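Asker: Dropping a structure here in structure tokens format, bear with me for questions.
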Amino acid sequence: MQLKRSFAILFATLAVLGMAAGCSSGGNASPSGESSASGLVTVRVGTQPYYDYQFFTVAHDLGIDRQFGLNIVTISEPGQTAYPQLAAGSIDIAASCESCVLPALDNFSQLRDFLITELFRGFVLIGRAKNGVPEYKTYNDFLKADSGNQAMAASDFVATLKGRTFAINDAADGSLLGALLANAGLTPSDVKVISFPDEAKAALAFIAGSGDYYFGSLPQEVRMITSPDLKDQFVEAGPASLFPLNYANFAATASWLSSHQDVATRLVAVWFRVTQYLDQKPGLVLGIIAKELESQTGGLLTNSQTQIALTKFMYFAPFTSAYAAYYNHGSPTWEGIALKELYQQAAEQGQIPAKTNYWTYEVGSTYFGLLMKRPDLIKKIEAPIP
């Protein structure tokens, strides 16, 4: 309840500030209206210091946004989400994720995820190690003992988590913790949670000694298991398969999407164009993302660490594969599978009302469908890369 009250106060305060700052100036005078000088549509994008959300920065740096008639202005927002800024109108779209949406729904019914950025495989369980030796048995230990039976290994490993302490951002990731523990019939009441305001703060506390396990921020997870300064202190205790399917997203308000349908469709096209660059000329992309994440997190994130994150822990589907990866009801990675499990866990924990219709808030398939009807944009997505 305290979390919901905090969201309500923050949303109300920022909405007032947004109006005071002149958000009532609509039409072409809006920052997201047509630019009289260039003819480009300016879109203000609230990003987060995670790999999932950096392609719009890449697009602007390489001039890709202008090829689609856009001028993308990225603003790195503090905290776990930029929903209050989105509600206040100080940005047009915001970094989001399907589990992040859940604690905001009571106070932000206009929230809509309209762009899936990638299939996120970065929720891995990080445990502690001493001189490279895990403090507790890992999933791989049980997988070996169970002769490769993944379901049995998952159950046996997760059963050992009872009574352990987790350093996480409970507001955003509590439903994921519930899904993890359900592998062994456990619930969040069977473990101890030290909750932090966001995933980065939870990671820093974990590195400093708080908790037995951590999951959340992929840059921080990559740092724990690859950085020389933390060598042999942490281990990947459990794989992404222990968690539900997850997607990262960009969100807007329902009203903004209604009046900017073409702009939203072009933003989806820009995302897939940058994905082409990642597939065909990764060198142009990795350096920009590594630099952006280094400046945002204060850590040293090299190109090689960035490549590990973008390939091992994430899947950015190319345009031609996106339907099969995200939107095909017959696919094992269909978005609906993830949403059903996620919302069920959230309802069981009292975070949302039972039978909440997740398709009200997750509208990425609609905007992908709109893009499919735009041969002009598809031609630009698939054009040869200079």
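The values are calculated or read from the model by the stated rules, or taken from the named source; none is laboratory data. Please read all numbers here as calculations on a predicted model, not as lab measurements. With ideal geometry, Cβ positions are generated from the backbone for all residues, glycine too; neighbour counts draw on all protein chains shown. Just so you know, the surface numbers come from the protein's heavy atoms only, side chains and all, with ligands and any DNA or RNA stripped out. Shrake-Rupley method; radii C 1.70, N 1.55, O 1.52, S 1.80 Å.
Asker: Specify the residue that is surrounded by the most Cβ atoms within 10 Å (Cβ to Cβ); the eligible residues are those in the stretch 240-257 that are assigned to a strand (DSSP E or B) and among the hydrophobic types (A, V, I, L, M, F, W, C).
Answerer: Selected residue: ALA251.
Asker: Does the stretch 206-218 contain at least one residue that is within 26 Å of ASP61 (Cβ to Cβ) and open to solvent by 40 Å² or more (accessible area, probe 1.4 Å)?
Answerer: No: the stretch 206-218 contains no residue that is within 26 Å of ASP61 (Cβ to Cβ) and open to solvent by 40 Å² or more (accessible area, probe 1.4 Å).
Asker: Within the stretch 45-53, can one find any residue that is assigned to a loop (DSSP other than H, G, I, E, B) and either closer than 14 Å to ASP92 by Cα or modelled with pLDDT of 95 or more (or both)?
Answerer: no
Asker: From the list GLY18, GLY79, GLY39, GLY22, pick out the single residue that is at pLDDT below 95, surrounded by fewer than 18 Cβ atoms within 10 Å (Cβ to Cβ) and either assigned to a helix (DSSP H, G or I) or within 24 Å of the chain's Cα centre (by Cα) (or both). Spell out the reasoning first.
Answerer: On the way: GLY18 fails: surrounded by fewer than 18 Cβ atoms within 10 Å (Cβ to Cβ); GLY39 fails: either assigned to a helix (DSSP H, G or I) or within 24 Å of the chain's Cα centre (by Cα) (or both); GLY22 fails: either assigned to a helix (DSSP H, G or I) or within 24 Å of the chain's Cα centre (by Cα) (or both).
Going through GLY18, GLY79, GLY39, GLY22 in turn, just one is at pLDDT below 95, surrounded by fewer than 18 Cβ atoms within 10 Å (Cβ to Cβ) and either assigned to a helix (DSSP H, G or I) or within 24 Å of the chain's Cα centre (by Cα) (or both): GLY79.
Asker: Oh, and also: Among the residues of the stretch 331-386, write down those that are acidic (Asp, Glu) and open to solvent by 40 Å² or more (accessible area, probe 1.4 Å).
Answerer: Once the filter is applied, which keeps residues that are acidic (Asp, Glu) and open to solvent by 40 Å² or more (accessible area, probe 1.4 Å), the stretch 331-386 yields GLU341, GLU348, ASP376, GLU382.
Asker: List pairs: first in the stretch 309-324 and without any contact (Cβ under 8 Å) to a residue 40 or more places away in the chain, second open to solvent by less than 40 Å² (accessible area, probe 1.4 Å), Cβ under 6 Å, 6+ apart or cross-chain?
Answerer: Pairs that qualify, where the first residue is without any contact (Cβ under 8 Å) to a residue 40 or more places away in the chain and the partner is open to solvent by less than 40 Å² (accessible area, probe 1.4 Å), are ALA324/SER331.
Asker: Could you say whether any residue in the stretch 165-175 is surrounded by fewer than 17 Cβ atoms within 10 Å (Cβ to Cβ) and not small (Gly, Ala, Ser)?
Answerer: Step one: filter the stretch 165-175 for residues surrounded by fewer than 17 Cβ atoms within 10 Å (Cβ to Cβ), giving 165.
Filter again for not small (Gly, Ala, Ser), leaving 165.
So far as the stretch 165-175 goes, yes, one or more of its residues are surrounded by fewer than 17 Cβ atoms within 10 Å (Cβ to Cβ) and not small (Gly, Ala, Ser).
Asker: What do you reckon, is ILE126 open to solvent by less than 50 Å² (accessible area, probe 1.4 Å), of a type in the set (Val, Ile, Thr), in a helix (DSSP H, G or I) and modelled with pLDDT of 95 or more?
Answerer: no
Asker: Tell me the residue from LYS201, LYS162 that is over 25 Å from LYS231 (Cα atoms) and in contact (Cβ under 8 Å) with a residue 24 or more places away in the chain, please.
Answerer: LYS162
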